[in-house]
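Student: Following this message is one structure expressed as structure tokens.
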Amino acid sequence: MATESQTNANRENAKASTGPQTAEGKAKSSRNNTKFGLFAVSNCVLPEEQEAYENFCSKLWTALAPADPIEEITAAEFIRNAWRLRRCAMAEETLGEIVVRFQASQNKTRGTDHPAADPMIYPAYLPAQTAIDRARTSAQNGMYRAKADLDKMQAGRKAQPSTVLQVEPKSAPVAEPAPTIRTQSHPSKPAQQERPNLCPCNSGREFIDCCAAGDGPASQKAA
């Protein structure tokens with residue numbers, strides 16, 4: 001953790017800074033202002049953490065991929081809580097280092113060799129540890145809520161069907177059936193079979209084959 005004199009020196013140096021000089025740096029700075037400027041004032045970013053903060057935000061912004069202003073606000077809320085969660089880890093690490101130095105001072109004063117214990121064991125540092133734990137829980141809850149809201153909005157946006165103009169094909173006209181003309185049918189007469197020229201002798205044979213040929217009863221009587 002930076003000392004008060006270091007913090008003051010960093011502030012004075014920041015006042016003298018003229019910002020990015022190259023075109024690439026200016027473009028990058030303008031994008032950061034667009035994406036995170038609304039929420040930058042609420043994030044605790046030390047001057048020496050500015051570059052890490054920009055990289056942290058850019059990577060998360062790309063991963064969250066907000067598509068409209070409402071999604072951007074939700075994504076920024078997630079990023080703010082994620083950065084706060086990172087600060088909790090760094091603060092807890094710094095608190096551990098303070099406890100180590102404190103215990104080393106106690107050992108030197110009392111002539112002991114006790115190892116440094118957990119900050120929660122020391123009454124003087126328990127409030128700081130409790131505050132870190134509360135901030136961590138708040139940051140985690142804020143991240144979960146923002147991510148759940150963002151996932152719901154993005155899922156709803158992806159589920160909306162794209163508007164496609166559909167033209168219904170024209171149906172072919174149905175031809176009306178032709179009227180049925182009923183005609184009275186007459187039964188066809190069976191073809192008359194040509195009756196054979198039967199012999200008058202009632203022999204059942206044709207005349208030409210019977211009496212005319214001399215085989216029938218009439219020709220025999222004449223003989």
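Student: Hey, any hits in the range 111-120 for a residue that's modelled with pLDDT under 90, in a helix (DSSP H, G or I) and open to solvent by 50 Å² or more (accessible area, probe 1.4 Å)?
Tutor: Yes; the residues of the range 111-120 include at least one that is modelled with pLDDT under 90, in a helix (DSSP H, G or I) and open to solvent by 50 Å² or more (accessible area, probe 1.4 Å).
Student: Would you point out which residue out of S29, S58 is surrounded by 11 or more Cβ atoms within 10 Å (Cβ to Cβ), at pLDDT below 65 and under 29 Å from M153 (Cβ atoms)?
Tutor: After ruling out the rest, the residue left standing is S29.
Student: How many residues are at pLDDT below 85 and part of a helix (DSSP H, G or I) when one looks only at the range 137-172?
Tutor: Qualifying residue count for the region: 3.
Student: Taking F39 as the residue in question, decide whether it is among the aromatic types (F, W, Y), part of a helix (DSSP H, G or I), at pLDDT 90 or above and in contact with a helix residue (DSSP H, G or I) (Cβ under 6 Å, 6 or more places away or on another chain).
Tutor: Answer is no for this residue.
Student: Looking at the range 65-90, which of its residues are within 12 Å of D133 (Cα to Cα) and open to solvent by less than 20 Å² (accessible area, probe 1.4 Å)?
Tutor: Result: C88, single match.
Student: OK, next. Pairs needed: first member in the range 45-73, of a type in the set (G, A, S); second member anywhere, modelled with pLDDT of 90 or more; C-beta distance under 8 Å; at least 6 residues apart or different chains.
Tutor: From residues that are of a type in the set (G, A, S), the pairs are A65/Q154; A67/Q154.
Student: Please work out if A67 is in a helix (DSSP H, G or I) and among the small types (G, A, S).
Tutor: Against the criterion (in a helix (DSSP H, G or I) and among the small types (G, A, S)), A67 does not qualify.
Student: Take A155 and decide whether it is aliphatic (A, V, I, L, M), under 30 Å from V99 (Cα atoms) and out of contact with any Ser or Thr (no Cβ under 6 Å at 6 or more places or on another chain).
Tutor: No, not satisfied.
The values are calculated or read from the model by the stated rules, or taken from the named source; none is laboratory data. Note that the structure is a prediction, hence the values are computed from the model and not measured. Ideal geometry is used to build each Cβ from the backbone, glycine not excepted, and the neighbour counts take in all protein chains shown. The protein model used for the area step is the full one, side chains on, heavy atoms only, and it has no ligands, DNA or RNA in it. Shrake-Rupley method; radii C 1.70, N 1.55, O 1.52, S 1.80 Å.
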